[in-house]
Amino acid sequence: MKKFEIPSVYRSPIISKIKEYRKDGDKLKKDFQPTSIDFGSVRFHLARHFGFCYGVENAIEIVYRVIQENPNKRIFLLSEMIHNPKVNQDLLDEGVQFLHDTLGNELVPWDSLTKQDIVVVPAFGTTVETFAKIKSIGLESHEYNTTCPFVEKVWKRAEKLGKDDSSIIIHGKRNHEETRATFSHAQRSSPTLIVQNLAETEFLAEVIKGNKSIDEFEVFFNGYYSDGFNAVEDLKKIGVINQTTMLATETQYIADFLKAAITDKYGKEEATKHFADTRDTLCYATSDNQGAVYGMLERKADFALVIGGYNSSNTSHLVELCEEKLPTYFISGAEKIISKNEIEHFDSHNTRIKNTLSFIPQKEKVEVLITSGASCPDAIVEEVIVKLKNMFDDTISEEAVLERFGG
């Protein structure tokens, strides 16, 4: 896989050494067991896969090259580069401006842009309408388009479904930049609808089977289906795609549930004519990171730390997986570990910050699981490990631990 040039501030000597060690011993990435880092009184079990993915590194490399090559130009990002507060703040400090917030609200007026400016498309991609707006100003979007290739792959899958006369069901978070972009591209090919969770899928299944009316459908999914969507005609043949960072098991359940509804309505022999069996459209990093968390959770531990931006979809799903097994704290960085007795963390279910006291148990050896999202720099993971390790007595040095991984 291609290696990218990204700022050294995002790299970690400790994490890089461990990742290289695991890569050498497992080139096909089949071993999802975690890496144990034993400091004596505390032992960390680090997920096999975590941190920057291909799409994120590609986006960061491009935007920093743009900054270096255009010192006298105004540079704009359509929205946050990726969902990580440090990376986005670093770009703001470099003078880059965001045209929109994560919900699509305008921060900088489009009519203030000129042909001399540069607009960078973030890794999530953007809508067809926004691409047209960039072009209308006279700006070149191709050179500064950092859309993840795995996101573009989903758009191509949607186009293929449209050519097969299938309507498109997108499993995604409604207000996420990637889902909005995929919806925009998909609806050019076919009638398109977004389902966000299992409850919405169950409602849709009742519509398919004729147990819910068109009026009920239009109220329930208001604003999340393409213009002219007809709940009677357009649900006769469907295919499922997803936002690339969703929970794999949930997407599979949604596809299976809708296929079952189709089968109930048309019968087993006819079902294949009405349901397009599409492969899961999660990106490789999402699949690997979720698989690595399942492997990590096989280890007995006292609690888990999941590190990343609080608006990061893929990170929030790692939190969900860990929460099923043990106490889990979702933090954006080492500064959230206030002391050995207190941690500040994000409650993604209620979208609020919480402070938990006595989160570290009083025992001879504490076991901690650690992973991070695909937009979290390895340097932040290292900072968390070092800070927490330094809160314990009688620990050995990082240098001594690294000898196990080749020095």
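The values are calculated or read from the model by the stated rules, or taken from the named source; none is laboratory data. These numbers come from a predicted model, not from an experiment. Note that we place each Cβ from the backbone using ideal geometry, even for glycine, and neighbour counts take in every protein chain shown. We work out accessible area using only protein heavy atoms, side chains counted, and drop any ligands, DNA or RNA first. Shrake-Rupley method; radii C 1.70, N 1.55, O 1.52, S 1.80 Å.
Given Cβ point charges of +1 (Lys, Arg) and -1 (Asp, Glu) and nothing else, what value in debye, to the nearest 20, does the dipole of the chain about its Cα centre take?
For the chain, the charge dipole is close to 780 debye.
In whole Hz, what ³J(HN,Hα) sequence does region 215-231 give by Karplus (6.51, -1.76, 1.60; θ = phi - 60°), x for Gly and Pro?
4, 5, 4, 5, 6, 5, 9, 3, x, 10, 9, 6, 4, x, 4, 10, 5
From the alpha carbon gyration tensor of region 260-313, can you work out the equivalent ellipsoid semi-axes (sqrt of 5 times each eigenvalue) and give them in Å, largest to smallest?
38, 15, 11
Under a no-solvent Debye model with one identical scatterer per Cα of region 293-380, what's log10 I(q)/I(0) at q = 0.18, 0.21, 0.22 Å⁻¹?
-0.76, -1.04, -1.15
Ranking request for peptides 184-191, 23-30: highest mean number of other beta-carbon atoms within 10 Å first, then the rest in descending order.
Most protected by this proxy first, the peptides run 184-191, 23-30.
Just grab the label-to-label distance for Val108 and Asn350, each label 7 Å out from Cα along the Cβ direction, in nm (one decimal).
Taking the two extended label points, one gets 3.8 nm.
Go ahead and run the numbers for FRET between Glu233 and Tyr253, Cβ-Cβ distance against an R0 of 30 Å, rounding to 0.05.
About 0.70, to the nearest 0.05.
Give the span of region 335-390's Cα atoms along each principal axis, as three whole-Å numbers ordered largest to smallest.
33, 27, 17
Spelling out what I want: for every residue of region 136-147, take phi, set θ = phi - 60°, compute 6.51 cos²θ - 1.76 cosθ + 1.60 (Karplus), and round to whole Hz; glycine and proline get x.
5, 6, x, 8, 8, 8, 4, 5, 10, 9, 9, 3
What list of ³J(HN,Hα) values in whole Hz, one per residue of region 6-19 in order, does the Karplus curve 6.51 cos²θ - 1.76 cosθ + 1.60 (θ = phi - 60°) give from phi, with Gly and Pro shown as x?
For region 6-19, the Karplus-derived couplings read 10, x, 4, 4, 8, 8, 9, x, 5, 5, 4, 5, 5, 5 Hz, x marking Gly and Pro.
Considering the convex hull of the alpha carbon atoms of region 94-145, report its projected area averaged over all viewing directions, in nm², one decimal.
Details: hull surface 15.5 nm².
Answer in nm², one decimal: 3.9.
Could you give the dipole magnitude of region 324-369 about its Cα centre, charging the beta-carbon of Lys and Arg +1 and that of Asp and Glu -1, in debye to the nearest 20?
Computed about the Cα centre, the dipole is about 60 debye.
Calculate how many DSSP beta bridges within the chain are antiparallel, expressed in % of all such bridges and rounded to the nearest 5.
Working: 14 of 45 bridges.
Given both bridge residues lie in the chain, the antiparallel proportion sits at roughly 30 percent.
Provide, for q = 0.10, 0.14, 0.21, 0.23 Å⁻¹, the log10 of I(q)/I(0) from a solvent-free Debye sum over equal Cα point scatterers in region 208-326.
-0.45, -0.77, -1.14, -1.26
I need two numbers for the chain: Rg to one decimal and Dmax as a whole number, Cα atoms only, in Å.
When restricted to Cα atoms, the chain yields Rg and Dmax of 22.8, 69 Å.
Would you mind telling me the share, in percent, of accessible area of region 117-238 contributed by carbon and sulfur at probe 1.4 angstrom? Mind showing how you got there, number by number?
Numbers: 2480 of 5390 Å².
Result for region 117-238: 46 percent of the exposed heavy-atom area is carbon or sulfur.
Considering the options Ile370, Val87, Thr278, tell which one lies farthest towards the positive end of the dipole of the chain, charges being +1 on Lys and Arg and -1 on Asp and Glu at the Cβ, about the Cα centre.
Comparing the listed Cα positions along the dipole, Thr278 ranks first.
Take the alpha carbon atoms of region 147-225, find their center, do the same for region 298-373, and report the distance between the two centers in whole angstrom.
32 Å
For region 138-232, with equal point scatterers placed on the C-alpha atoms only and solvent neglected, what are the log10 I(q)/I(0) values from the Debye formula at q = 0.23 1/Å, to two decimals?
Ignoring solvent entirely, the Cα scatterers give -1.24.
How big is region 73-221 on each of its three principal axes, counting only the C-alpha atoms and giving the largest first in Å?
Per principal axis, max minus min of the Cα coordinates gives 57, 31, 27 Å.
Let me know the whole percent of all Cα-Cα pairs from region 1-115 that are separated by more than 18 Å.
63 percent
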